[in-house]
Amino acid sequence: MNFITQILFFFGAIGVFNSFMVAVYLLINKSYSNLSNRLFALFLFILNLRILKSLFYAFSTDEPIWFLQSGPSFFLLIGPLFFCYTLRIIKPNSFWITYWKHHLLFWLSVVIFLMIFVPFKENIDLNKTIILPIINLQWLFFILLSAIFIKSNFKTQKNNQIKIKWLLILTLALLTLWSNYTFISFDYFVSGSIVFSILFYLFFVYFLIKKRYASKIFEKTKKKNTFSSSQKNLLLINQLNEVMVNEQLFLNSNLKLSEVAEKLDISAHELSKLINDSTGKNFTDFINEYRIEQAKQLIEDNSLYTIEAIGNQSGFNSKSAFYKAFNKFTKTTPAKYKAQKSSFL
């Protein structure tokens, strides 16, 4: 190879190499074991083989290496894998995703059939002039089919816009590669690998800068909680009761749900659901029950306090709120409760 040829080979190969690393990483890393990541990794892996083959072909000698003699049949997997990946994101419950293994198994069977009965080494012209154009048409068909699904769901899935836009950009990139390999002659196949390297590094750098988008597109698999939901709720409600008793948050008449949730390091919604599921009460009743217990204790220990003062000391911001809550939990009024306790002294 002369210097220019070496430079072209380097730029074509570097993107393929690093893209292979990404594909393998997504395949073996358990943190990315969800189906959409696995399908993308398989798609990227097979596409890499396609790019690598074109790169070797561009610099092959009269005696091509065994990798080139395998023929183009495995290219048939690129389109179906991309289609399955697209549907997994847009329509995860569709027929094609339910039976995605059967779909890919069908195309894998076609690949094996072509490799056995129409081997490239003995049928070079047939593979180049007939089979490869058919494969390119199949690839285009799945690109366009994926684009139709993306377009039809672009405006309807507002909560999934980041992934939809990613699929749209990926479709355009794939269409660029398809055009390169379909319309450029075999003598200039190295251009396909260079285009691929440019596209790969554009995506790679963008995701490095926009890590938030990368985390949404390539979502990690959520770790299974070792605690059951009931065990977790029991642990949290115990922590909640400890906080209420030890810090006496209920004495704050303006106590908010979010303030208590912050103490437990959970969201206000989670706390509200926890209290409702575990006690059958809403947040206000849960807090007021602590306040009423405090008021009862003050009535028993401090007979000289006025009823209004006891309400204030217990965390209520008004006399009416105190009377209403006291009656709800004790079925009597503070005055009657005080009289009853005084009669026993």
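The values are calculated or read from the model by the stated rules, or taken from the named source; none is laboratory data. It should be emphasised that the depicted structure is a prediction, and the values quoted were computed from it without experimental measurement. Using ideal geometry, Cβ is built from the backbone for each residue, glycine included, and neighbour counts are taken over all protein chains shown. SASA here: full protein model, heavy atoms, side chains in, ligands and nucleic acids out. Shrake-Rupley method; radii C 1.70, N 1.55, O 1.52, S 1.80 Å.
Between the beta carbons of residue 318 and residue 279, assuming R0 = 30 Å, the FRET efficiency works out to 0.80 to the nearest 0.05. Based on C-alpha pairs under 8 angstrom that are at least 6 apart in sequence, segment 188-305 has a relative contact order of 16 percent.
Can you give me the Cα centroid spacing of segment 242-320 and segment 142-196 in angstrom? So the two Cα centres are separated by 58 Å.
In the chain, taking the dipole from charged Cβ atoms about the Cα centre, the farthest positive-side position among 79, 184, 130 is held by 79. Estimated from the Cβ-Cβ distance and a Förster radius of 35 angstrom, the FRET efficiency linking residue 123 and residue 207 is about 0.25.
Label positions at residue 91 and residue 115, each projected 7 Å from the Cα along the C-beta direction, are separated by 3.1 nm. With the cut-off at 1.5 for a/c, could you classify segment 6-132 from its C-alpha gyration tensor as rounded, prolate or oblate? Since a/c reaches 1.5 but b/c is at least a/b, the shape of segment 6-132 is classed as oblate. Using a cut-off of under 17 Å, list every residue of segment 189-203 whose amide N is near the label point 7 Å from the Cα of residue 169 along the Cα-to-beta-carbon line. Counting only backbone N, you get 196-203. The GNM of the chain, with springs linking C-alpha atoms under 10 angstrom apart, assigns the highest mean-square fluctuation among 170, 47, 234 to 234. When the chain is treated as a GNM with alpha-carbon contacts under 10 Å, the residue of 54, 152, 33 showing the greatest mean-square fluctuation is 152.
Within the accessible area of segment 259-308, the carbon and sulfur atoms contribute 41%, probe 1.4 Å, all protein chains present. Under a Gaussian network description of the chain, with springs only between Cα atoms under 10 Å, the residue in 249, 49, 199 that fluctuates furthest is 249. The ratio of the alpha-carbon radius of gyration of the chain to the globular-protein estimate 2.2 N^0.38 Å is 1.66. Straight-line cross-link reach from residue 163 at under 20 Å between alpha-carbon atoms covers these lysines, not counting any fewer than eight positions away in the same chain: 91, 151, 155, 210, 211, 216, 220, 222. Pairwise Cα distances in segment 85-226 exceed 17 Å in 72 percent of cases.
Kirkwood Rh, Cα Rg: Rg to Rh for segment 186-330? Radius of gyration over Kirkwood radius for segment 186-330 works out to 1.39.
Remark: the residue 330-residue 270 segment gains 18.7 nm on full extension, using 0.36 nm per residue and subtracting the alpha carbon distance. Helix 100-117 and the longest principal axis of the Cα set of the chain meet at an angle near 20°.
From most to least packed by mean Cβ count within 10 Å, the peptides 320-326, 121-127, 81-87 give 81-87, 320-326, 121-127. Over the chain, accessible surface divided per residue gives 59 Å², non-protein components excluded, 1.4 Å probe.
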